[in-house]
Each structure stands twice: as C-alpha cells, then as structure tokens.
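Notes for the one structure printed next.
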Amino acid sequence: MAHFKCAACRARVWREGNAEEHARDLCPGCGGPLEAVARAEDIIGLRALRTRPHAHQTIADHIRDTIARNDAARVRRLRSAQSEPPSRDAE
C-alpha cells in the first residue's frame, strides 16, 4: 500500500499497490500533484481524503484464524520431534 500527501491542500491519500504505479496520480481534493511518502511521520496531521477499507473479517474470525495457525504450527513441531531419532551422547 502506498501513501501520498498533497502539499497544496494538506491532505493524505493511500493507494493499493506500490508508489511507482501511482507516481502520476493527482490529488482527489484539489487536483494537484501527489508526493509519495516514505515515513508515516510525514503525513501526521494531514486530513484523510480516502479512508482505508475495513477487513470483512470479524474479530472472532481473526481470533479463530490465529488459533488455527498456532495449532497447526504446534502439530508440525510435535510431528518433527517424533520423527527425529533420539540423539546419542558422545562417549
């Protein structure tokens, strides 16, 4: 996701994709040129002309996915530990 700012109307805009794809985009507020932003500090205090879309996933869905990922990782670790032969102590 690329972030841009408009110096003329003190606005911030984000675009899907990378900054190079939107290098010639114009400000939706005033039509002026947009400048790519490298650091988030550069857009603090600027008004947002377009809000970010919210994920269609609920918090419960997100928690369920996180638990499933963690369970799968634990199962992989247990299976790999069971398949490894026990180590012998060097004499």
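The values are calculated or read from the model by the stated rules, or taken from the named source; none is laboratory data. Owing to the predicted nature of the structure, the values given are computational and were not obtained by experimental measurement. So basically every Cβ, Gly included, is an ideal-geometry build from the backbone, and we count neighbours across all protein chains shown. For accessibility, only protein heavy atoms count, side chains too; no ligands or nucleic acids. Shrake-Rupley method; radii C 1.70, N 1.55, O 1.52, S 1.80 Å.
Quick one: with all protein chains in place, what share of the accessible area of the chain is carbon or sulfur, to the nearest percent (1.4 Å probe)?
Working: 3960 of 7600 Å².
C and S fraction of accessible area: 52 percent.
Net charge near Gly45, counting Lys/Arg +1 and Asp/Glu -1 over other residues with Cβ under 12 Å of its Cβ?
Details: positive: Lys5, Arg10, Arg12, Arg47; negative: Glu41, Asp42.
Neighbourhood net charge equals +2.
Taking the DSSP beta bridges in the chain as the whole, what percent of them are antiparallel, to the nearest 5? Please report the intermediate quantities before stating the final value.
Numbers: 8 of 10 bridges.
Once the DSSP bridges in the chain are tallied, antiparallel ones form about 80 percent.
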Overall dimensions of the chain by Cα: Rg and Dmax, Å: 23.7, 78
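Tell me, what is the per residue accessible area of the chain in Å², probe radius 1.4 Å?
Details: 7600 Å² over 91 residues.
Result: 84 Å² per residue.
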Sequence ranges 6-14, 26-34, 66-74, ranked by mean other-Cβ count within 10 angstrom, highest first: 6-14, 26-34, 66-74
Modelled FRET efficiency - R0 25 Å, Ala48 with Glu20, Cβ distances, 0.05 increments: 0.65
